[in-house]
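The values are calculated or read from the model by the stated rules, or taken from the named source; none is laboratory data. Source: prediction; values computed, not measured. When we count neighbours, we look across all protein chains shown, and the Cβ atoms used for this are built from the backbone with ideal geometry, even at glycine. Note: areas computed on protein heavy atoms with side chains; ligands, DNA, RNA excluded. Shrake-Rupley method; radii C 1.70, N 1.55, O 1.52, S 1.80 Å.
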Amino acid sequence: MTSTDVIFVGGGIVGLSAAFRFSDRHPGKKIILLEKEKEICLHQTGRNSGVMHSGIYYKPGSLKARTCRTGKAQLEAFCKGHGIKFELCGKVIVAVDSSQEDRLKNIYQRGVDNGISCEIIDKERLRELEPYSAGVKAIHVPETGIVDYVGMCQSLASILKQRGHEIICEAKVVGVTERENEVVVESTKGAFTSSFMVNCAGLHSDRVVKSSGQTPAAKIVPFRGEYFELKPEAHKLCKNLIYPVPDPSFPFLGVHFTRMVLGGVECGPNAVLAMAREGYRKTDINFGDLLETLGYSGFRHLAAKHFKMGLQEMLRSASKSMFVRSLQQLIPEIQSKDIVPVPSGIRAQAVAPDGSLVDDFSFNETDRLVHVVNAPSPAATASLAIGDHIVDHLEAHMS
């Protein structure tokens, strides 16, 4: 049995960032990071749209708001220091008609309360920033950016290895035992023992919680985000980032346009229930995953509450013309011929038993275990600050 000081589970951006921050603050301690895939960043991080969020949407004082602001500053500093490509290009959040202006003002006020540099602009200024965008008013957020998150993770992994820590791939966690003085982690690459374990398993975080003998406070329900990309000749339609005014009753931001830092412009996502936790294609079905979701009371309550919106997302998933009509609300000139499909992503959304969506970052913590239960967007932007939050907890229990 291999012994170490801390075991991190999950080789995405949250797990790597948390391990990195622990190694910064405790250079004499040893780390092992376990990743179930053949390489790091194959799931949520590797399929991320690459936006460096400002934090404008989040409830003031929430963990999301605080870690997004702190994490964004840390992220910029890390990218500058390690040659990771990023750009503060700015974004616009667009009210397409007067009925959305009150919601726009509410988002602007959140931005002000969160200390974000932003302003409400008229349609003339909007046309200067995004000449093809429709809208009567918008919020301009100049500090929003785009970044190469995979490149950042590769850099984090390289630093950890240079410091003498281990990243072990194809090591799926199958059991966790918390004892008085240690944690034993069973994996497909053998057993490991440590003083602490941090679960950053993303799509499978609740299963790791369950394997440790705890009952997850919420279950992960996978939603597939389906994207298209503008053809090169249509890139002129979007200069940077164009977002709609989000529906406050639903956690997804709606279809939007995102210029990518490594090239190209994505549009989407459509958000539909995935029939597998790693169901990136419409035809991907894992009957065990699907039955677990359908049998969960939280999902059934969620589906009943948001039936109309869920049906709309399913129809839009099946119809490219419906998807294009949604895009045309932001850019009227876009046509079906301008877009081509690109790989989808999966959002690991924690859903409580009553059907409520866990909105803020959420953790299950014991003396020796930290489970990251819910870490959707802006977790990538906030990852280094989330890492600090986790290390703070570990330090409070270190002898």
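In this structure, the pairs whose alpha-carbon distance is over 25 Å, taken from Lys38/Lys231; Lys80/Lys105; Lys85/Lys236; Lys236/Lys308; Lys36/Lys282; Lys64/Lys219, are Lys38/Lys231; Lys80/Lys105; Lys236/Lys308. Between helix 101-113 and the chain, what is the angle of the helix's C-alpha long axis to the longest principal axis, kept within 0 to 90° and rounded to the nearest 10? The angle comes out near 40 degrees. Against the longest alpha carbon principal axis of the chain, how many degrees, from 0 to 90 and to the nearest 10, is the axis of helix 307-318 turned? Long axis of 307-318 versus the principal axis of the chain: about 80 degrees. Normalised per residue, the accessible area of the range 20-110 is 45 Å², obtained with a 1.4 Å probe and no contribution from ligands, DNA or RNA. Averaging Cα coordinates gives a centre for the range 282-301 and one for the range 154-168; these two points are 36 Å apart.
Distance from the C-alpha centroid of the range 48-116 to that of the range 338-374: 19 Å, rounded to the whole angstrom.
Restricting to DSSP loop positions (anything but H, G, I, E, B) with no more than 12 other Cβ atoms inside 10 Å of their own Cβ, which trypsin sites (Lys or Arg not before Pro) remain in the range 1-60?
Here the sparse-neighbourhood loop sites are Lys38.
Only protein atoms count toward the accessible area here, which uses a 1.4 Å probe; on the range 336-399, the carbon and sulfur part of that area reaches 52 percent.
Under a 1.4 angstrom probe, counting protein chains only, how are Met314, Met275 ranked by accessible area, largest first? Could the numbers behind the result be given before it?
Working: Met314 120, Met275 60 Å².
The ordering from most to least exposed comes out as Met314, Met275.
Using the Cβ-Cβ distance between Lys337 and Asp367 with R0 set to 51 Å, the FRET efficiency from 1/(1 + (r/R0)^6) comes to roughly 0.30.
If you model the range 117-222 as an ellipsoid using its alpha carbon gyration tensor, with each semi-axis the square root of five times an eigenvalue, the axes come out at 45, 20, 12 Å, biggest first.
The length gained by stretching the chain between Lys105 and Ser321 to full extension, at 0.36 nm per residue less their Cα-Cα distance, is 74.7 nm. With the convex hull drawn over the C-alpha atoms of the range 4-69, the volume per residue is 113 Å³.
Overall dimensions of the chain, expressed as equivalent-ellipsoid semi-axes from the Cα gyration tensor (√(5λ), whole Å, largest first), are 36, 24, 19. Counting Lys +1, Arg +1, Asp -1, Glu -1, what net charge surrounds Lys64 among other residues with beta carbon under 14 Å of its beta carbon? Result for the local shell: +2.
Counting only protein heavy atoms and a 1.4 Å probe, the range 195-296 has 39 square angstrom of accessible area per residue. With a cut-off of 14 Å between beta carbons, the residues surrounding Met1 carry a summed charge of 0, where Lys and Arg count +1 and Asp and Glu -1. The Cα-based radius of gyration and maximum Cα-Cα distance (Dmax) for the range 298-399 are 19.5, 63 Å.
Counting only protein chain heavy atoms and rolling a 1.4 Å probe, the accessible areas of Glu365, Glu229 rank, largest first, as Glu365, Glu229. Val183 contributes about 0 Å² of solvent-accessible surface, heavy atoms of the protein only, 1.4 Å probe. For the pair Lys172 and Glu119 in one chain, pulling the backbone fully straight at 0.36 nm per residue adds 14.4 nm over the alpha carbon distance. Note on the range 196-244: with neighbouring protein chains present and a 1.4 Å probe, carbon and sulfur make up 54 percent of its accessible heavy-atom surface.
Relative to the longest principal axis of the Cα atoms of the chain, helix 63-82 runs at roughly 80 degrees. Computed with every protein chain present, the accessible area of Thr188 is close to 90 Å² [probe 1.4 Å].
Scaled against 2.2 N^0.38 Å for its residue count N, the alpha carbon radius of gyration of the range 282-353 is 1.38. Share of antiparallel DSSP beta bridges in the chain, in percent to the nearest 5? Beta bridges within the chain, antiparallel portion: roughly 70 percent. Annotation: extensible slack from Glu87 through Arg281 equals 66.8 nm (criterion: 0.36 nm per residue apart, minus Cα-Cα distance).
In the assembled protein chains, His204 presents an accessible area of approximately 40 Å² (probe radius 1.4 Å). The residue among Pro27, Val6, Ile56 whose Cα reaches farthest toward the positive pole of the charge dipole of the range 6-70, with charges on the beta-carbon of Lys, Arg, Asp and Glu, is Ile56. For His43, His371, His301, the ranking by accessible surface with the largest value first comes to His301, His43, His371, using a 1.4 Å probe.
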